[in-house]
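> Pasting a structure here, questions to come.
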Amino acid sequence: MAKTSALIEPRLPRGFVDSEPADIAAIEQMVAKIRHVYERYGFDPIQTPFFEYTETLGKFLPDTDRPNAGVFSVQDDDEQWMSLRYDLTAPLARYFAQNYQDLPKPFRSYRQGWVFRNEKPGPGRFRQFMQFDADTVGAAGPESDAEICMMMADTMDALGLAGKYVVRVNNRKVLDGVMQAIGVTDEAQKLTVLRAIDKLDKFGPGGVKLLLGEGRKDESGDYTEGAKLDADQSDAIIEMMSAARLDDLVDLEDDAGPDGFLDAEFKTAALSKFRITQSFVEGFVELQAMASLFAAANYGPDRIKIDPSVVRGLEYYTGPVFEIELTFTVQNEKGQDVVFGSVGGGGRYDGLVSRFRNEHTPATGFSIGVSRLASALKLTGNLDAAPVTGPVVVTVMEKDRIADYQKMVADLRAAGIRAELFLGSSKNMGKQMKYADKRNAPAVIIQGSDEREQGVVQIKDLAEGAEAAASITDNAAWKTERPGQYSVPLEEMVEFVKQIPAVAAWMKANPK
RNA sequence: GCCGUCGUAGCUCAGUUGGUUAGAGCGCUAGAUUGUGGAUCUAGAGGUCCCCCGUUCAAUUCGGGGCGACGGUACCA
């Protein structure tokens, strides 16, 4: 026996997972449904490579001390750093800028594929995961943002999740405007305030208030430094983010001009101590425009909801931001309730393309976290991960007649039936049956010397046999009755197999 | 990064108040059944009790330090 210490332990780096046939089939179904919705909305596919130059992906170059902080990076032959992509948006910006001359504007595209992040994995968070994005580049109006939100909702519906999600929509200008109003101008402090607002659904208003003030200690003992706002400031923020409707905060007449907006006042107690700002008004108007588009298209607040606590990424969103939240709780394999986070998000990023081109290029888009969504659905039993139907297995009874058996397999395949010859070394019949069972084979074909002399084959419908077997407890009876087994003339074999329900179902789902 | 819980068979877990042969269920392999998947019964394989150092006559068990898993939190383009 080999020494165990000499063997390599088969294992994966953390945050990476293998996929089995049922998982793969489920993901493929999800992807097909998403693609169908995106194409219906008029988006076309593009593909970009896994690797990009690091400078393409983000504003930072990896310093030689920590080249792999957050991303996976390697140095090319010419010593230029390249990285595995960590999302599908930066590569799109590069693609758009690189092919600017030839692309239709606005440019509407979707992309699906693996992305990589070198960070600590969590529930539903992996170091390699799949995203499915759609973006409109070169359109500035709120109708392109609203369209994206409606497509997010339609996509979730198409995935069979109607009623189990909500698309939450906000506008960064509203947040910026309120911060400006209450006198938060320091960039670092602004980021801290935004992060605090983002935690509303996690910690509630009380927790956010701590984060806006001195700081907060969580149950595990970790302390988070707060934004150091005074009471009036943090009350104003909490009032803003807790508003059920924007109209609760301020009244703006639709036909009033910009000057009229500036004369308006906040209606709520804490906010009314501060003056309203231009940025708030701009964001407010954009959100109102989107809201009326949602209403006109019959997307109610049960599907798309204006929610002033949505923040999203801190770096590049410039206007509307949106995310998909699941409205059910998720438990892991151990039965623990788990913090899952959003399964998709996006927004307007008018600055991203300008890293590559001088002119201003508005863009909006979003991304569905396919892997994270699939993992949530798997944990809650909502993932359609039925076992894959296996092949019809032709057993080997007489070793010198392999050619005859292979001919049967070829005939079945030619008719569009998934079929294979038993290739294992053991010609023991029980082994071959067990193999077929484990493969979830719909049927096996048996021809020994008796059948050969009569010109017939035994066809065993394994599903029917299993069903019949449920009432048989005696092994001898089980063997002699041979439930679900039929003797059929060889020339009728293909037609007979086609009639087996599991085979027919597979053929319908996989036309030749 | 920080905090918490946990590491014993492929999986889920018992157990050893520090003592010589470490167990169960499931799974796996074989047989009962030389041509029939389930069920049943029988037998078998499978373990550096996560690693290293220390305490001890003796450590899987106690102490220290690592590593890993899970969860929370921070960060998240």
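The values are calculated or read from the model by the stated rules, or taken from the named source; none is laboratory data. None of these values were measured; they are calculated from a predicted model. Virtual Cβ from ideal backbone geometry, glycine too; neighbours counted across all protein chains shown. Protein only, heavy atoms only, side chains kept; ligands, DNA and RNA dropped before computing areas. Shrake-Rupley method; radii C 1.70, N 1.55, O 1.52, S 1.80 Å.
> Is it possible to state the helix-based mean residue ellipticity at 222 nm for chain A, with each DSSP H run of 4+ residues giving -39500 (n - 2.57), the sum divided by total residues, to the nearest 500 deg cm²/dmol? What is it?
-11500 deg cm²/dmol
> Let me ask you something else. Lysines within cross-link reach of A:K305: Cα-Cα under 20 Å, excluding same-chain residues under 8 positions apart?
Within reach: A:K164, A:K173, A:K199, A:K202.
> How do A:S487, A:S144 rank by accessible surface area computed with a 1.4 Å probe, from largest to smallest?
These residues rank, largest area first, as A:S487, A:S144.
> Ranked highest first by the average count of other Cβ atoms within 10 Å around their residues, in what order do A:281-290, A:172-181 fall?
With the highest mean Cβ count within 10 Å placed first, the list reads A:172-181, A:281-290.
> What FRET efficiency would be calculated for the residue pair A:D23, A:R275, taking the C-beta separation as r and a Förster radius of 60 Å, to the nearest 0.05?
That pair, A:D23 with A:R275, gives E of 0.65.
> Can you give the accessible area per residue of the range A:413-512, in Å², using a 1.4 Å probe?
Solvent-accessible surface per residue comes out at 60 Å².
> Between the range A:300-325 and the range A:473-512, how far is it from one alpha carbon centroid to the other, in angstrom?
First find each Cα centre; the distance between them is then 54 Å.
> Place the peptides A:380-387, A:461-468 in order of packing, highest mean first, counting for every residue the other Cβ atoms within 10 Å and averaging per peptide.
Result, highest mean Cβ count within 10 Å first: A:461-468, A:380-387.
> At a Cα cut-off below 27 Å, give the lysines reachable from A:K460, other chains included and same-chain residues fewer than 8 away excluded.
List returned: A:K399, A:K407, A:K427, A:K431, A:K434, A:K438, A:K479, A:K498, A:K508, A:K512.
> Straight-line reach from A:K334: which lysines fall under 17 Å, measuring Cα to Cα and dropping same-chain residues less than 8 apart?
The reachable lysines, counting only those whose Cα sits under 17 Å from A:K334, are A:K378.
> Also: If you count only protein heavy atoms with a 1.4 Å probe, what accessible area per residue comes out for the range A:21-379, rounded to a whole Å²?
Averaged over the residues of the range A:21-379, the accessible area is 47 Å².
> Can I ask one more? Would you work out if the range A:21-379 is rounded, prolate or oblate? Take a ≥ b ≥ c from the square roots of the eigenvalues of the alpha-carbon gyration tensor; rounded if a/c is under 1.5, else prolate when a/b is larger than b/c, oblate otherwise.
The shape class here is rounded.
> Say R0 is 35 Å: what FRET efficiency, to the nearest 0.05, do A:S425 and A:R452 get from their beta-carbon distance?
0.95
> Let me ask something else about it. Regarding the range A:392-509, what's the average projected area of the Cα-atom convex hull, expressed in nm²?
7.2 nm²
> Here's another thing I want to ask about it. Leaving out ligands, DNA and RNA, what percent of the accessible area of chain A is carbon and sulfur, probe 1.4 Å?
50 percent
> Kindly state, to the nearest 0.05, the FRET efficiency for A:D201 paired with A:A466, given R0 = 51 Å and r defined as their beta-carbon distance.
0.65
> If you don't mind, another one. Over the range A:233-375, calculate the relative contact order: mean separation of alpha carbon pairs under 8 Å at least 6 apart, over the residue count, as a percent.
16 percent
> Where a ≥ b ≥ c are the square roots of the eigenvalues of the C-alpha gyration tensor, would you call the range A:143-298 rounded, which needs a/c under 1.5, or, failing that, prolate if a/b is larger than b/c, or oblate?
Note, shape of the range A:143-298 comes out oblate.
> Given H placed on each backbone N at 1.01 Å, which residues far from A:F266 in sequence or on other chains put an amide H within less than 5 Å of it?
For A:F266, the qualifying residues are A:I276.
> Could I ask something else about it? Where does each of A:332-339, A:440-447, A:190-197, A:152-159 land if you order them by average Cβ count within 10 Å, highest first?
By packing density, highest mean first, the sequence is A:440-447, A:152-159, A:190-197, A:332-339.
> While we're here: Which angle between 0 and 90 degrees, to the nearest 10, do you get for helix A:429-438 versus the longest principal axis of chain A when only C-alpha atoms count?
Approximately 20 degrees, to the nearest ten.
> At a threshold of 8 angstrom on Cα-Cα distance, excluding pairs fewer than six apart, so keeping six or more, what relative contact order does chain A reach in percent?
14 percent
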